[in-house]
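The values are calculated or read from the model by the stated rules, or taken from the named source; none is laboratory data. Values in this document were obtained by computation on a predicted structure and should not be read as measured data. Ideal geometry is used to build each Cβ from the backbone, glycine not excepted, and the neighbour counts take in all protein chains shown. Protein only, heavy atoms only, side chains kept; ligands, DNA and RNA dropped before computing areas. Shrake-Rupley method; radii C 1.70, N 1.55, O 1.52, S 1.80 Å.
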Amino acid sequence: MRFLKRAWIWVDDVTGISAAMTPLLEHPVPKARKSAWLYVLGSATLVAFLIQIVTGIALASGYVASAGQAYDTLKFISGTDFGRIVRGMHAFGASAMIILIGLHAIRVYVMAAYKYPRQMNWLTGAALLMLTLLMAFTGQLLRWDQTGFWSVMIAAAQAGKTPIIGNWMGHFIMAGDTVGGATLSRFFAAHVFFIPALIFLFVGFHLYLVLHNGISEPPEAGRPVDPKTYRSWYRALLARDGEPFWPDAAWRDVVFAFLLVAAVVALAVIVGPPELGKPPDPTIVEASPRPEWYFLWYFAVLSLIPKWSEDWVIILGPALFIAALILIPLVASKGERSPFRRPWSFVIVAFIIFVIAYYGAVGKIAPWSPRMDASPLSVQVVGSSSGPVADGAKLFHDKGCEYCHLVSGYGGIRGPDLTYAGDTMTPAQMTTRIYSGGTNMPSYNGNLTPDQLSALLAFLSSRHRQPVLPIPENQ
Amino acid sequence: MSEPVAIQGCKETGRRRFLTRLSIILGSVSAAFVAIPSIGFLLGLRKSPRVWRTVGKLDDFKIGSTVNVSFEDTSPLPWSGVTAQTAAWLRRENDQQFIAFSTICTHLGCPVRWLADADLFMCPCHGGVFYGDGRVASGPPPKPLNQYPVRVYEGRVQILTSPAPIA
C-alpha cells in the first residue's frame, strides 16, 4: 500500500496529472436543484458511446469484413456465450445512445442552453447527433444479412434521386456498379474508423466547450441572456452559488451511468442480440427489408406522403433538418431561455416525439406493404369448400388480391377491407373496380377469364355482415 | 504559458512572416501528399466490364412464362461470396425473344416478386405492382421495371451483366 502511494506521488510529480486534472474535475457548476437529474443525459450519451467502443472492439476481433464471410462470422460470434451478450450489448447500446443523444438535444433545446455563449456547444452536439445516426445506419448494415444487403441497395437508390450527382453518389455508396465484395469493406471502415474518429474529435471539442463556457444554469423566466453582461453575471453566479462538479454534481452522472450499463447488460442477457435474417444473397427474392426502429418513422413518413413529393422529401428533408439544427443557435442567440416564455419549444418537441413515436408505430405495422406471406383463406372463413365461392376465394389469394385486402382478419390492409364486400358493393360495381383498377390497385382487365371473374364475384358477394343462414331442412 | 517574444524591428517581422507562411505551405502540401492517394483510392470506383452470362438452354424456358434466373457478376471479387450473384426475372415472349427484368423496384430499390398466377410483379415494401411486361400497374413506382439486354446465342439464353439501376 505504501509502495503504491509512493509510486503515485512519483508519477504525479513527473506528469503533473493532478495539478492539471483537479481544477477540471472540481470546476464550479451552478446548482441545478430541481432539474439536476436532467443534466445527466449528456454524460450518459458518452457512457453509451464508451459501451459501443468496448463491445465494438470485442466484436471486431471476431468479425470478418468480407462480403462472402461476414454473415457466417456473425453466426459464429452469436454462437458463443459471451459473443451473444456482446452483440446484444452493442445493439441495445446503439439504441440507448440514440435515445440519450435525442433526449439530451431536447433538454438543451427546451432550456435554450444553446444561446450565447454556447452556440458552438450546440453546433458540435448537432454534428455528433448526425454522426450517431450515421453510425446507426452503417452498424445495422454490417450485420450483412438480407436486410443489411438491401439497406445498401435502398440507400443507393435514394441517393440516386439527387439531381446531377445522384448517379455518382449511388455508385459511391455501393463502391462500384453493384453491391458486392467492395461494398462491405467500405462500410466497415466507415463504421469502425472514419465516423468514430470524427466522433472522438467532436466529443473532445464539445467537452472543451462545456468547460470553457461553463455548464448552463437552469433557466428562469424573466432572466434573458444578454451577451454583453452574461459572462460576468455567470462568473458572479458561480462565485455566489456554485458547487464543485466533482463530486457534488458528478455523482448523479455516475449513478445514471451505472443504471444505464446495468440496463444494457440485462437486456443483452435476457433479450439477446437481434436475429440474423436470411443470408445476403440477392438471388433470394423473398426479402422484405425493414429499417431498425430509429428509422422506422422515416420509412413511414416516406410511404405516406403524396407520391409527387417523395423525391423532394428524400433530398430536402434531411437537408432542411440539418439546416434547422445549424440555424437554431445562430438565429436565437440571446433573450429569454425559460421554456415558459418560449412555449413553441414545447410544441416543437411534442411534434418531434409524436412523429417518431406515432409514425414509428405505423411503420411497424406498415399498412402500405402488401402481406405477401398471406396464406389462402380457410374453409371456415370462406364458408364452403367447393363451388364458385370456394373457387373465388382461391383466386382471391392466387391473383394477389388477398395481399392487399383483408377478409375476416386475414390478408393485407393496403386496400379496403372486403370482409363485408357483399353488403357494400353490387357485382357490377365490383366488376368495374376489378377491371379498371386504381392508383394503388392494378387493373385485372384481360387477366381473368369470364369463369374466373364470376367465381371471384360469387366469393366477394358472399361476404356479408350477417351470415345468410341456410334454410333449416325440416321446414 | 510564457509571453510571446516582443517583435524587434522590421527585419525580424519579415523573417517571422516568411517562416509562418513557409510552415503553413509545407504543412498543407504534406497533408495533400497523404490525402490525394487515399481519397483517390476511395473515389476510384470499380467499373465492371459487361459480359454475356448464360442463364440456361433455350429449351429450358416455356413460352409465356416468367422465371427467376441468377447469374454471376462480371469479374466478382474472390471474397464476394453470395453477393457475386445477381437475379433477374426472365420472360420468354416467343420462340427467339426474351425479356430479362431487373428484380429491383424502380421506386426505392426493394426486390420485386413475380406472382405467376396473377401475372404481376409486386414489391413487398410499398406495394408497387408491375404488369407481366414490366409496365407500372399501380402504386408508387415512377417507371417500368428496368431490363437487362438478353440474347439467344447458340441455343443458350444469355443476359448482359449491367450496373445496378440507380436513378
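Somewhere in region B:95-107, is a residue outside any strand (DSSP E or B) and facing chain A (nearest Cβ under 7 Å)?
Within region B:95-107, the first condition is being outside any strand (DSSP E or B), and the residues that meet it are B:95-97, B:103, B:105-107.
Cutting the leftovers down to facing chain A (nearest Cβ under 7 Å) gives us B:103.
Checked region B:95-107: at least one residue is outside any strand (DSSP E or B) and facing chain A (nearest Cβ under 7 Å).
Considering only residues that are at positive phi and within 13 Å of chain A (Cβ to nearest Cβ), which ones fall in region B:145-167?
Correct list: B:ALA167 only.
For A:TYR116, state whether it is of a type in the set (Phe, Trp, Tyr), within 25 Å of A:GLU336 (Cα to Cα) and part of a helix (DSSP H, G or I).
On the way: of a type in the set (Phe, Trp, Tyr): yes; within 25 Å of A:GLU336 (Cα to Cα): yes; part of a helix (DSSP H, G or I): no.
It is false that A:TYR116 is of a type in the set (Phe, Trp, Tyr), within 25 Å of A:GLU336 (Cα to Cα) and part of a helix (DSSP H, G or I).
Within region A:324-347, which residues are in a helix (DSSP H, G or I) and open to solvent by less than 70 Å² (accessible area, probe 1.4 Å)?
A:ALA324, A:LEU325, A:ILE328, A:PRO329, A:SER345
Would you pick out the residues in region A:348-382 that are surrounded by fewer than 18 Cβ atoms within 10 Å (Cβ to Cβ) and either within 13 Å of chain B (Cβ to nearest Cβ) or in a loop (DSSP other than H, G, I, E, B) (or both)?
A:PRO367, A:ASP373, A:SER375, A:PRO376, A:SER378
Please pick out the residue among A:ASP72, A:ASP12 that is assigned to a helix (DSSP H, G or I), assigned by TED's automatic domain parsing to the domain that holds A:GLY125, free of Cβ contacts under 8 Å to residues at least 40 places away in the same chain and charged (D, E, K, R).
Working: A:ASP12 fails: assigned by TED's automatic domain parsing to the domain that holds A:GLY125.
Criteria check complete, one pass: A:ASP72.
Which ones in region A:133-144 are open to solvent by less than 10 Å² (accessible area, probe 1.4 Å) and either within 11 Å of chain B (Cβ to nearest Cβ) or polar (S, T, N, Q) (or both)?
Of everything in region A:133-144, those that are open to solvent by less than 10 Å² (accessible area, probe 1.4 Å) and either within 11 Å of chain B (Cβ to nearest Cβ) or polar (S, T, N, Q) (or both) turn out to be A:THR138, A:TRP144.
Given A:GLY422, A:GLY415, which one is open to solvent by less than 80 Å² (accessible area, probe 1.4 Å), at pLDDT below 95 and part of a helix (DSSP H, G or I)?
Within the list A:GLY422, A:GLY415, the selection yields A:GLY422.
Scan region A:285-294 and tell me whether some residue there is of a type outside the set (Asp, Glu) and without any contact (Cβ under 8 Å) to a residue 40 or more places away in the chain.
yes
Which of the residues that make up region A:299-308 are open to solvent by 30 Å² or more (accessible area, probe 1.4 Å) and in contact (Cβ under 8 Å) with a residue 40 or more places away in the chain?
Of everything in region A:299-308, those that are open to solvent by 30 Å² or more (accessible area, probe 1.4 Å) and in contact (Cβ under 8 Å) with a residue 40 or more places away in the chain turn out to be A:VAL301, A:LEU304.
Hey, among the residues in region B:108-144 that are more than 7 Å from chain A (Cβ to nearest Cβ) and open to solvent by less than 10 Å² (accessible area, probe 1.4 Å), which one's farthest from the chain's Cα centre (by Cα)?
Restricting to residues being more than 7 Å from chain A (Cβ to nearest Cβ) and open to solvent by less than 10 Å² (accessible area, probe 1.4 Å), the top hit is B:GLY132.
Say whether the condition of being modelled with pLDDT under 95 and either within 24 Å of the chain's Cα centre (by Cα) or part of a loop (DSSP other than H, G, I, E, B) (or both) is met by at least one residue in region A:185-193.
Within region A:185-193 (the criterion being modelled with pLDDT under 95 and either within 24 Å of the chain's Cα centre (by Cα) or part of a loop (DSSP other than H, G, I, E, B) (or both)), the answer is yes, since at least one residue qualifies.
Looking at A:GLY204, A:GLY214, A:GLY272 in this structure, which one is surrounded by fewer than 16 Cβ atoms within 10 Å (Cβ to Cβ) and either in contact (Cβ under 8 Å) with a residue 12 or more places away in the chain or closer than 30 Å to B:TRP114 by Cβ (or both)?
On the way: A:GLY204 fails: either in contact (Cβ under 8 Å) with a residue 12 or more places away in the chain or closer than 30 Å to B:TRP114 by Cβ (or both); A:GLY214 fails: surrounded by fewer than 16 Cβ atoms within 10 Å (Cβ to Cβ).
Of the residues listed, the single one that is surrounded by fewer than 16 Cβ atoms within 10 Å (Cβ to Cβ) and either in contact (Cβ under 8 Å) with a residue 12 or more places away in the chain or closer than 30 Å to B:TRP114 by Cβ (or both) is A:GLY272.
Of all residues in region A:283-315, how many are among the aliphatic types (A, V, I, L, M), part of a helix (DSSP H, G or I) and more than 19 Å from the chain's Cα centre (by Cα)?
0
Scan (1) at the interface with chain A (Cβ under 8 Å from one of its Cβ atoms); (2) closer than 22 Å to A:PRO442 by Cβ for the single condition B:GLN85 breaks and write down its number.
With respect to (1) at the interface with chain A (Cβ under 8 Å from one of its Cβ atoms); (2) closer than 22 Å to A:PRO442 by Cβ, B:GLN85 is out only on (2).
Out of (1) free of Cβ contacts under 8 Å to residues at least 40 places away in the same chain; (2) closer than 21 Å to A:PRO370 by Cα; (3) assigned to a helix (DSSP H, G or I), the odd one out for A:GLY392 is which?
It is condition (1) that A:GLY392 fails.
Scan region A:437-446 and give yes if some residue there is away from chain B (no Cβ under 12 Å) and under 42 Å from the mean Cα position of the chain (by Cα), otherwise no.
No, that holds for no residue.
Quick test for you: out of A:TRP10, A:TRP37, pick the one residue that is modelled with pLDDT of 95 or more and under 21 Å from A:PRO218 (Cβ atoms).
Numbers: A:TRP10 fails: under 21 Å from A:PRO218 (Cβ atoms).
Testing whether each residue is modelled with pLDDT of 95 or more and under 21 Å from A:PRO218 (Cβ atoms) leaves just A:TRP37.
What are the residues in region A:163-183 that are within 8 Å of chain B (Cβ to nearest Cβ) and either open to solvent by 20 Å² or more (accessible area, probe 1.4 Å) or in a helix (DSSP H, G or I) (or both), if any?
A:GLY166, A:ASN167, A:GLY170, A:HIS171, A:PHE172, A:MET174, A:THR178, A:GLY181, A:ALA182, A:THR183 - these are the residues of region A:163-183 that are within 8 Å of chain B (Cβ to nearest Cβ) and either open to solvent by 20 Å² or more (accessible area, probe 1.4 Å) or in a helix (DSSP H, G or I) (or both).
Consider region A:372-392. How many of its residues are within 37 Å of the chain's Cα centre (by Cα) and of a type in the set (A, V, I, L, M, F, W, C)?
Summing the residues that are within 37 Å of the chain's Cα centre (by Cα) and of a type in the set (A, V, I, L, M, F, W, C) in region A:372-392 gives 3.
From A:ILE154, A:ILE173, A:ILE195, which residue is in contact with a Cys (Cβ under 7 Å, 6 or more places away or on another chain), over 30 Å from A:GLY335 (Cβ atoms) and of a type in the set (Val, Ile, Thr)? Talk me through it step by step, then tell me what you get.
Values: A:ILE173 fails: in contact with a Cys (Cβ under 7 Å, 6 or more places away or on another chain); A:ILE195 fails: in contact with a Cys (Cβ under 7 Å, 6 or more places away or on another chain).
Step by step, each of A:ILE154, A:ILE173, A:ILE195 is checked, and only A:ILE154 is in contact with a Cys (Cβ under 7 Å, 6 or more places away or on another chain), over 30 Å from A:GLY335 (Cβ atoms) and of a type in the set (Val, Ile, Thr).
Taking region B:38-85 on its own, how many of its residues are modelled with pLDDT of 90 or more, within 19 Å of B:THR103 (Cα to Cα), open to solvent by less than 30 Å² (accessible area, probe 1.4 Å) and of a type outside the set (A, V, I, L, M)?
Result for region B:38-85: 5.
If a residue must be touching a Gly at 6+ places or on another chain (Cβ under 6 Å) and aromatic (Phe, Trp, Tyr), how many such residues does region A:132-149 contain? Quick ask: steps written out before the conclusion?
Step one: of region A:132-149, the residues touching a Gly at 6+ places or on another chain (Cβ under 6 Å) are A:141, A:145-147.
Then drop every residue that is not aromatic (Phe, Trp, Tyr), which leaves none.
Total satisfying the criteria: 0.
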